[in-house]
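Asker: Just passing along the structure, written as structure tokens.
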Amino acid sequence: MLQLRHTPFHERTSKLCQPQNWRRWAGYLVAGSYELTLDREYWAIRNAAALIDVTPLMKYIITGKDAARLLDRVVTRDIGKLKIGQVYYTGWCDDEGKMIDDGTVSRLDESTYRLTSADPNLRWLSMNAVGLEVRITEVTDNVAALSFQGPNSRLILNRVADNPVDGLKYFRLMQNKVDGIPVTISRTGYTGDLGFEIWMEAKDALPIWDVLMEAGADYGIAPVGILAMDMARVEAGLFMIEVDYTSASHAWIEPQKSSPFELGLDWTVALDKPGYFVGRRALEHEKKEGSAWKMVGLEVDWVEMEKLYAEAGLPPQIPGMAVRASLPVLVGNVQIGYASTSSWSPLLKKYIALAHLQKPYYEIGTDVRLEITVEHHRQHAPARVVKLPFYEPEWKKK
Amino acid sequence: MTSNQYDAIIIGGGHNGLVAAAYLARAGRKVVVLERRHIVGGATITEEIIPGFKFTEFSYVVSLLRPEIIRDLELPKHGLKILPLPSTVTPMENGDYLAAWDDHDLTRREIYRHSPKDAEAYDEYARVMARMAKAIKPILSIIPPDPSSLHPKDLFGLLKLGKLAYEMSEKDLYGLAKLMTQSAGDMLDEWFETDALKGTKSASGIIGTFLGPRSPGTAYVLLHHYMGEIDGAFRAWGFSKGGTGGIAEAIASSARALGAEIRVNSTVKQVIVKNGRAVGVALENGDEIYAKAVLSSADPIVTFLKLVESKHLPDDLIRSIQSFRTRGSSGKVNIALSELPQFTALPDEPALYRGAASISPSIDYIERAYDDAKYGRFAKEPYIDMIFPSMIDPDMAPPGTHVMSCFVQYAPYDIEGGWDDAKREAFGETVISTIEKYAPNIRRAIIGKQVITPKDIENIAGITGGNIFHGELLLHQLFFFRPAPQWSNFRTPLRGYYLAGSGAHPGGGIMGAPGMLAAKEVLKDGMWKA
Ligand SMILES: Cc1cc2nc3c(=O)[nH]c(=O)nc-3n(C[C@H](O)[C@H](O)[C@H](O)COP(=O)(O)OP(=O)(O)OC[C@H]3O[C@@H](n4cnc5c(N)ncnc54)[C@H](O)[C@@H]3O)c2cc1C
């Protein structure tokens, strides 16, 4: 039988996945959720500890004398400033300054880096490596990865790691051992909470999973699928490729593409770094001229929305999960943008959305209207443009 | 400008008092909350009675807390998290069990195991109750209309509240009228045949009342609890992080951030009245504090009969308050455990311990428990609603150990001969031995416990009579009858004096609605302009 790939955790995850709602991710199968309702998994992220299989992330080891030069040329951040043991979140662009992909760059030693991405990037990296002394190896299948998120994650890791992770700062990494097995632990994640990502050889995946699940039992650990993570990442204001933006390499038409500025990634575009990088000229131009679009947060006015449902005799009917569907955003009767992911926030008790709005409507505080469907009829709920993230606990970076 | 002059004083730092303070401060008013205890929260507190073990001392679950309050006061920013409580399980006397899950299909299949007919009825019952709850829900956020324009004896007049009649089908309307007069037991008998199902459901009809499941009027209370709404959808109950004290702390933190001042260890002795107007309060310690508006979130007995001299209030109001039913009937046992109780009837399913467990095998069982209380004794075999907070929020107990919260009914406030230490001990023992029948390991797992009688509720939380809702949720004590006819709009005959606690519309439970609505009325009156 032809099959999608299983991650090295499958032996465990497949037994735990009650709803059998497997989702595809880069050619792998991963659990959508482990329980029949998402509540507990969501709250494991926000109140305890969530163990998430993120193995399908694309992973590349880039090593050699010119490794830094290659990365500096490809991504928008200043790789020259990346210290050993540090991690950068970054996007990378085509020559028109439009986003191809986004991910993290970790500096593992003097001249070795790990790049993670959502899409395959080996060809793009190789094309940019012409003339450089560098070796690029894809290690996606060889390296298993767990995202370990939530306010209790540090406590649990300390119970099982040889070296305490207390000193591990936000977006730093360390080599460590769990149960005698070497792992890399980075203080990173996709939830906007306190959290870590644990990188290990695929063959070590099961013992690491077991040790963490056992150590976390008294601290509310739960295996968590990508559906609950999706809700958390919207609250954290984090976007997803092919949902919230289209990769420039997949876009059919120009308007589908986005620049890092349009996605709110201004802070990752190091125009002050020396030399050329892909997209530089276009990005310099956009910086000067201003962006036509911007990704912002939308908060729907619940009381007004409730009224729209009440008029139809219904209580509000919002799916209890993140919805990846495009919803028009209007000012007056004119569409001025769209929401790309919307979600109920169980913590904030709000209906929130990541939206792409045209100038000048993307200013914080602008009143807009979001399309909703009430009993098969199109309605528009008042909403307000707010700053991202929607939620950031004080312990995220502490 | 002296520091003892405010726009508004709030007597009592329970969750309603804190909500009222936050809303007034949010409107730019200078407010002070005066709480008699050393901590805020009233009946929503968490205390480490045994070091390391956090007891959600009185209230333990939350569902009615108004989402608009959570949003308006930005409570999540101040630490509020309402965690899911996904199931309720009832161990049965025959060694089986009945579980209800947050998943419809799971629950249906489970009920089917006991009765295919009940499994089907369950769906319809849930729909009918949800429709009625939805129709009634707007009332929670509105102020009862002037009853003089209605005919209070006319039940349909009551149903017109919030355009109910307009929104509901005739069939539902009759259903609702019936619901308001029927007993929970009779109503459930019409729907179901499984005893454990009926017993467990009927329990929500009697919580906080001095009535049994066969007493008329309890069906409505069932609905009141059904209204429990989480996340704006009609959902069951949740557990707030840190116990219900976490709710009080979040509201207090928000109120402070908005500029409200909160003083603990400040017992109000009397409301100061000048020229027929409340102008401030005198504290037990002799201090006097002045304000244009005084809001009391203490219970109606304290508010009207203790804090104000009777000469300032009309006789009919005093008589109404004197007959306001505040008979406490519930107690609590909070337990620190070295291990979870193992219910012999339950399958080995840890998920069940993240929900509630209920000793309510049948309606008759609960009615018998009520019989004991009717004659001045605590129930020999009580109804017990248990949760295991450490399974939901691991921070509640040291790793590897647990806390358990047991809500118990019935324990009458007016117990024969009065409550004393021996009776409290005996009451606690009865609760433990009742649980022991279903979970034999409980006794050896106990590290320590706290037993709370209705008298303790009165002494600790300051609620007269120990009634958990500041007065029973009976039809004749709700809507425009709460706390007394003509005075359901948070105002009192004493100008500048307001009721802002659970004794006001729409009633008790962790809801925040009385506090919010009272604050809005105070703002409307604009006392400080005068
Ligand atoms: C045992 C028990 C279990 C319960 N379980 C639940 C539950 O699980 N879920 C739920 O929703 N509800 C539950 N309830 C009901 C709910 O807790 C109450 O209805 C609600 O907390 C009352 O809030 P409040 O602010 O109106 O009054 P309170 O919380 O009673 O606050 C009044 C405050 O006023 C103070 N006070 C009184 N007199 C004075 C004075 N003279 N001067 C200064 N301060 C004064 C008191 O100390 C107190 O802090 C329970 C109640 C009890 C007692």
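Just so it is clear, none of the values below were taken in a lab; they were calculated from the coordinates. Keep in mind it's a predicted model, so treat the numbers as computed, not measured. Cβ placement follows ideal geometry from the backbone for every residue including glycine, while neighbour counts extend to all protein chains displayed.
Asker: Label point 7 Å out from B:ALA27 along Cα-to-Cβ: which residues of the range B:477-499 have amide N under 15 Å?
Answerer: Only B:489-492, B:496-499 pass the distance filter.
Asker: Follow-up. What are the semi-axes of the equivalent ellipsoid of the protein assembly as shown, taken as the square roots of 5 times the eigenvalues of the Cα gyration tensor, listed largest first and rounded to whole Å?
Answerer: 52, 32, 26
Asker: If you build a Gaussian network model of chain A, linking Cα atoms that sit under 10 Å apart, which residue out of A:TYR276, A:TYR113, A:TYR89 swings the most?
Answerer: A:TYR276
Asker: Gain in length, A:ARG24 to A:HIS377, computed as 0.36 nm per residue apart minus the alpha-carbon separation, to one decimal in nm?
Answerer: Full extension from A:ARG24 to A:HIS377 adds 123.9 nm.
Asker: Still on this model: Express in nm, to one decimal, how much length is gained between A:GLU201 and A:ALA312 on full extension, taking 0.36 nm for each residue of separation and deducting their alpha carbon distance.
Answerer: Answer, rounded to one decimal: 34.4 nm.
Asker: Full extension from B:ILE446 to B:GLU339: what is 0.36 nm times the residue separation minus their Cα-Cα distance, to one decimal in nm?
Answerer: Once the chain is fully extended between B:ILE446 and B:GLU339, it gains 37.7 nm.
Asker: Shifting gears a bit: Could you calculate the FRET efficiency of A:LEU122 with A:LYS169 from 1/(1 + (r/R0)^6), where r is the beta carbon distance between them and R0 is 25 Å, rounded to 0.05?
Answerer: 0.20
Asker: For the pair A:VAL130 and A:GLU304, how long in nm is the line joining their label points, each one 7 Å along Cα→Cβ?
Answerer: Spacing of the two 7 Å Cα→Cβ label points: 5.4 nm.
Asker: Ok, one more. B:GLU436 to A:ALA292: FRET efficiency via 1/(1 + (r/R0)^6), r the Cβ-Cβ distance, R0 51 Å, to the nearest 0.05?
Answerer: 0.10
Asker: Hey, fewest Cβ within 10 Å first, where do A:VAL331, A:VAL183, B:VAL522 land in order?
Answerer: Starting with the residue having the fewest Cβ neighbours, the order is A:VAL331, A:VAL183, B:VAL522.
Asker: Follow-up question, since we're still on this one. Using a Förster radius of 41 Å, what is the FRET efficiency between B:LYS178 and B:ILE49 based on their Cβ-Cβ separation? Nearest 0.05, please.
Answerer: Efficiency computed from Cβ-Cβ geometry: 0.40.
Asker: Oh, and also: Could you tell me the extents of the range A:1-158's C-alpha atoms along the three principal axes, largest first, rounded to whole Å?
Answerer: 52, 43, 29
Asker: Here's something else I'd like to know. What ranking, highest mean first, results for peptides A:281-292, A:261-272, B:384-395 when packing means the other Cβ atoms within 10 Å averaged over each residue?
Answerer: Sorting A:281-292, A:261-272, B:384-395 by mean packing, highest first, produces B:384-395, A:261-272, A:281-292.
Asker: Continuing with this model, one more query. Just list whichever of B:LYS54/B:LYS201; B:LYS77/B:LYS423; B:LYS269/B:LYS455 have alpha carbons separated by over 32 Å in the model shown.
Answerer: B:LYS77/B:LYS423
Asker: Continuing with the same structure: Sum -39500 (n - 2.57) across every DSSP H segment of at least 4 residues in chain A, then divide by the residue count to get the 222 nm mean residue ellipticity, nearest 500.
Answerer: Rounded to the nearest 500, the figure is -5500 deg cm²/dmol.
Asker: For peptide B:84-90, how many partner chain Cβ atoms fall within 10 Å of a residue's Cβ, on average?
Answerer: 2
Asker: Using only the Cα atoms of chain A, build the gyration tensor, take square roots of its eigenvalues as a ≥ b ≥ c, and label the shape rounded, prolate or oblate: rounded if a/c is under 1.5, else prolate if a/b is larger than b/c, else oblate.
Answerer: oblate
Asker: While we're looking at this one, here's another question. If contacts are Cα pairs under 8 angstrom and at least 6 residues apart, what is the relative contact order of the range A:130-267 in percent?
Answerer: Relative contact order of the range A:130-267: 20 percent.
Asker: Also: Shape call for chain B from the C-alpha gyration tensor, a ≥ b ≥ c root eigenvalues: rounded (a/c under 1.5), prolate (a/b greater than b/c) or oblate?
Answerer: Prolate, since a/c reaches 1.5 and a/b exceeds b/c.
Asker: Something else: Percent relative contact order of chain B, based on C-alpha pairs within less than 8 angstrom and at least six residues apart?
Answerer: Relative contact order here is 24 percent.
Asker: Which lysines does A:LYS81 reach when only Cα atoms under 25 Å apart count, and residues fewer than 8 places away in its own chain are ignored?
Answerer: A:LYS59, A:LYS65, A:LYS98, A:LYS169, A:LYS273, A:LYS287, A:LYS288, A:LYS396, A:LYS397, A:LYS398
Asker: If you don't mind, another one. Please give, to one decimal in nm, the separation of the simple spin-label points placed at B:GLU193 and B:TYR375, each 7 Å out from Cα toward the Cβ.
Answerer: Taking the simple label geometry, B:GLU193 and B:TYR375 are separated by 3.4 nm.
Asker: Who wins for biggest fluctuation among A:ARG77, A:ARG40, A:ARG24 in a Gaussian network model of chain A, springs between alpha carbons below 10 Å?
Answerer: Of the options given, A:ARG24 has the highest mean-square fluctuation.
Asker: Taking the number of other C-beta atoms within 10 Å as the exposure measure, put A:LEU168, A:LEU330, B:LEU499 in order starting with the fewest.
Answerer: A:LEU330, A:LEU168, B:LEU499
Asker: Please list 3J(HN,Hα) in residue order for the range A:334-342, calculated via the Karplus relation 6.51 cos²θ - 1.76 cosθ + 1.60 where θ = phi - 60°; whole Hz, with x for glycine and proline.
Answerer: Coupling constants for the range A:334-342: 9, 6, 10, x, 7, 8, 9, 9, 10 Hz.
Asker: Kindly put B:TRP237, B:TRP528, B:TRP487 in sequence by how many other C-beta atoms sit within 10 Å of each C-beta, fewest to most.
Answerer: B:TRP528, B:TRP237, B:TRP487
Asker: How much mean residue ellipticity at 222 nm does chain B get from its helices, if each DSSP H run of length 4 or more adds -39500 (n - 2.57) and you divide by all residues, to the nearest 500 deg cm²/dmol?
Answerer: Per the formula, -9500 deg cm²/dmol.
Asker: Also, I was wondering about something else. Using a simple spin-label model with points 7 Å from Cα along the Cα→Cβ vector, what separation in nm is obtained for B:ALA257 and B:LYS274?
Answerer: 3.7
Asker: A further question on this structure: Quote the relative contact order of chain A in percent (integer), defining contacts as alpha-carbon pairs under 8 Å separated by 6+ residues.
Answerer: Once divided by the residue count of chain A, the mean separation gives 17 percent.
Asker: Here's another thing I want to ask about it. Quick one: grab the alpha carbon gyration tensor of the range A:276-323, order the square roots of its eigenvalues as a ≥ b ≥ c, and give me rounded if a/c is under 1.5, else prolate or oblate depending on whether a/b is larger than b/c.
Answerer: prolate
Asker: OK, next. Out of residues 5 or more away from B:ARG66 or on other chains, whose amide H comes under 5 Å of its own, with H placed 1.01 Å from N in the peptide plane?
Answerer: B:ALA513
Asker: Under a 5 Å amide H to amide H cut-off, with H placed in plane at 1.01 Å, what residues pair with A:VAL374 once short-range neighbours are removed?
Answerer: Amide H neighbours of A:VAL374: A:GLN379.
Asker: Within 10 Å, count the other beta carbons around each residue, average over each peptide in A:142-150, B:374-382, and list them highest first.
Answerer: Per-residue Cβ counts within 10 Å, averaged per peptide and sorted highest first, yield A:142-150, B:374-382.
Asker: Please identify, among A:ALA339, A:ALA310, A:ALA381, the residue showing maximal mean-square fluctuation in a Gaussian network model of chain A using a 10 angstrom Cα cutoff.
Answerer: Sorting by GNM fluctuation, first place goes to A:ALA310.
Asker: Just flag the GluC sites (Glu not before Pro) in the range B:361-452 sitting in loop per DSSP whose Cβ has no more than 11 other Cβ atoms within 10 Å.
Answerer: Answer by residue number: B:GLU416.
Asker: Further question: Could you pull out every whole DSSP H run in chain B that spans at least 20 Å of Cα extent along its own axis and averages 1.0 or higher on the Kyte-Doolittle scale?
Answerer: Span-like helices here: none at all.
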